[in-house]
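What follows is a set of notes on a single structure, which appears directly below.
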Amino acid sequence: MEQSIADTDDPETRLRKDLRAVDLVVFGVGVIIGAGIFVLTGTVAASHSGPALALSFLIAALTCGLAALCYAEFASTVPVAGSAYTFSYATLGELVAWTIGWDLVLEFTIGAAALSVSFSGYLQELLAGTPFEIPTSLGSANEGVVNLPAVVVALLVAGLLIRGTKLSSVVNQVVVAIKLAVVAAVIVVGIAYVDPSNWVPFIPESKPAPASEGGFADLPLITSLLGIEPAVFGVAGVISGAAIVFFAFIGFDIVATTAEEAKNPQRDVPIGILGSLAIVTALYAAVSLIVTGIRPYDEIDPNDEAPLATAFSAVGVDWMADLIAVGACIGLVVVAMILMLGQSRVAFAMGRDGLLPRSIAKVHPQWGTPYRVTIITGVAVAAIAGFVDLSTLANLVNIGTLFAFLLVSIGVVVLRRTRPDLPRAFRTPLAPVVATLSSLLCIYLMLNLTGETWIRFLLWMALGVVVYFVFGRRHSRLAQQSTREPDAEPTP
């Protein structure tokens, strides 16, 4: 652990400390407010929770809050780039650290690519019928040749990140202000069109979930293992809805990846993590009440990709529908940027530890950013976004994040026992209880993902094990230190 912290002062791998608490809060809010609030609200209200969607968001926020407390203690104790990867390295060893690092590479890269594709979809919707309409051949990987807007936005975001974290933070602050203005408009304007009768009953009567036509691959793993069928509506539906909207909160852990670039990480990182989570929870609950108050939940199309805009169109407020579409389009760019930032910092930390080629951990002499790994990340995200259909990979982002939360929750208790001497600017209250509850909830939500998602996740992780034993284990810092240690003198 001391070596990891000492590396932050190495001139060749030292990141510039430019970020304040407000920057970290904005980063957190910027990455969390995205597809979740603009898309999942309609899907979960129509298929799981009804007007009690607000309760689903609160339950999901509680789960995230438990993990956030563990993240906050880790990030304030070990203010090093890499988030869950670095924390696992410090507490659970190199192999576990590699495992979670490999997992985060998948989560952030696929997530950034998915958000780039989502941006392209909203952009094409806005430009449809105008002289700037994008032809299908250049707007879709499925129906055309390439999704060009997704490729362009991914490369532009990478260039912005190379230019500097502070610059990207300033851009993020401007865009987050726009997103918050849109969300505030949804709440303020929407109140006038709310019909309280649409909230009755607040928790609809429970109904059996539609039977799945698939087998193991299409069913939640918990169903295949225990025969527990998911329910819709009722209390069980609210909880199953929470398992889905939980993923609308993914992103607060990105704040932890920037700990090394914070001016005062012991104070600023906990504020950034917990502050962004609190702000977003309040906004999500308010917006969900507006959506279900404007339109009856049973009239919402669960497949509608723009339920907020559709809700206002249904009551004749078309200008709000257009405003929401613009806000969603802008917001998705920022989420993609911050996910790419997280990916570059995790890979940077792995390169600095020798588990990936050390050359990728070089920082730019002028801008102080890990430009090499950011270029690699940008090209990878652009290639995936431009040429791959991400619909079948979306759940991989979810399972990867939950796995990271699980290891951090375990790690904070391990570190309390193995290194009680370390100064902790922030201490998780009732750490064993909080960590246990967080771990159990993460496992439960992972079990609610499909068997197909588990198969793909395990295949990716198996590939990571091969890479580790072929390259990482032989080139890591621990391996190099072992080869440099002189043989012990024989005892007389």
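The values are calculated or read from the model by the stated rules, or taken from the named source; none is laboratory data. From a predicted model like this one, the values you see are computed outputs, not experimental measurements. Cβ atoms come from the backbone with ideal geometry, glycine included; neighbour counts cover every protein chain shown. Accessible surface is based on the protein model in full, side chains and every heavy atom, while ligands, DNA and RNA are left aside. Shrake-Rupley method; radii C 1.70, N 1.55, O 1.52, S 1.80 Å.
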Point to revise | Packing-based ranking, highest mean first, of 327-334, 362-369, 126-133 given that Cβ atoms within 10 Å are counted | key: 327-334, 362-369, 126-133
Review point. Residues with amide H under 5 Å of GLY139's amide H, sequence separation 5 or more or different chain, H placed in the peptide plane at 1.01 Å from N; which?
Key: VAL145, VAL146, LEU148
**Study point:** Where ARG372, ARG417, ARG456 fall by accessible area, highest first, once all protein chains stay in place (1.4 Å)
**Key:** ARG417, ARG372, ARG456
Study note, to complete from the structure: The local net charge around PHE457, scoring Lys/Arg +1 and Asp/Glu -1 for residues other than PHE457 whose Cβ lies under 11 Å from its Cβ, equals -2
Practice item. Roll a 1.4 Å probe over the protein heavy atoms and report the accessible area of GLU125 in Å², nearest 10. Key: 110
Check your understanding: What ³J(HN,Hα) values, in whole Hz, does the Karplus curve 6.51 cos²θ - 1.76 cosθ + 1.60 give for segment 194-201 when θ = phi - 60°, with x put for Gly and Pro?
Key -> 6, 10, x, 5, 5, 8, 10, x
Study note, to complete from the structure: The set of residues whose placed amide H lies less than 5 Å from the amide H of VAL232, leaving out same-chain residues fewer than 5 positions away, is LYS207, ALA209
Point to revise | Exposure ranking of THR99, THR436 by accessible area [1.4 Å probe, largest first] | key: THR436, THR99
Review point. For the pair LEU478 and LEU440, how long in nm is the line joining their label points, each one 7 Å along Cα→Cβ?
Key: 3.1
